[in-house]
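Notes for the one structure printed next.
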């Protein structure tokens, strides 16, 4: 396994958060709380606008993480790849109207028991430079 790729950084991806996208996502995953759908309810709860459910992080992070995982230089064999894990640490809430910029790095890659592990780290910040989420995305390629 070529560890020289470790630390490779990918260009940032910018995502403008739309109110309807938040609402659509919230409905799709079963979040019916008013803060995810109604601006006045969100403001009454202390948010700037309709707030995104935490796992909406996948939506705005994918534009950065996806190209990293698909990078031919990384060399992931997709026919044998399994989704290993996803971990997030949330910061400032994401609200409609925010612009989120996500950067991704190939943090680690290693072999263990005949399998290859690819660990990507993403950091997403809002238009004010506040961190909204830090993600760890692990993909496992089975031996064979």
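Residue-wise test of (1) closer than 15 Å to residue 10 by Cβ; (2) assigned to a strand (DSSP E or B); (3) touching a strand residue (DSSP E or B) at 6+ places or on another chain (Cβ under 6 Å); (4) without any contact (Cβ under 8 Å) to a residue 60 or more places away in the chain.
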{"residue": "62", "(1), (2), (3), (4)": "yes, no, no, yes"}
{"residue": "79", "(1), (2), (3), (4)": "no, no, no, yes"}
{"residue": "82", "(1), (2), (3), (4)": "no, yes, yes, no"}
{"residue": "87", "(1), (2), (3), (4)": "no, yes, yes, yes"}
{"residue": "92", "(1), (2), (3), (4)": "no, no, yes, yes"}
{"residue": "103", "(1), (2), (3), (4)": "yes, yes, yes, no"}
{"residue": "128", "(1), (2), (3), (4)": "no, no, no, yes"}
{"residue": "133", "(1), (2), (3), (4)": "no, yes, yes, no"}
{"residue": "138", "(1), (2), (3), (4)": "no, yes, yes, yes"}
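Figure legend. Inter-residue proximity from the range 14-41: first residues more than 19 Å from residue 124 (Cβ to Cβ), second residues outside any helix (DSSP H, G or I) and at pLDDT 95 or above, beta-carbon distance below 6 Å, spacing 6+ or different chains. Indicated pairs: 23/37; 31/53; 35/45; 35/51; 39/49; 39/50.
Scanning the range 108-125 for residues that are surrounded by fewer than 21 Cβ atoms within 10 Å (Cβ to Cβ) and farther than 20 Å from residue 78 by Cβ yields a total of 4.
Only one entry of 74, 69, 35 meets the criterion of being more than 21 Å from residue 14 (Cα to Cα), crowded, with 16+ Cβ neighbours inside 10 Å and modelled with pLDDT under 95, and that entry is 74. Can you name every residue in the range 1-57 that is in a loop (DSSP other than H, G, I, E, B) and either over 22 Å from the mean Cα position of the chain (by Cα) or more than 30 Å from residue 69 (Cα to Cα) (or both)? 1, 2, 32, 33, 37, 38, 45, 46, 47, 48, 49, 50, listed by residue number.
The values are calculated or read from the model by the stated rules, or taken from the named source; none is laboratory data. Since the structure is predicted, the reported quantities are computational estimates derived from the model, not experimental observations. Note that each Cβ is placed from the backbone with ideal geometry, even for glycine, and that neighbours are counted across all protein chains shown.
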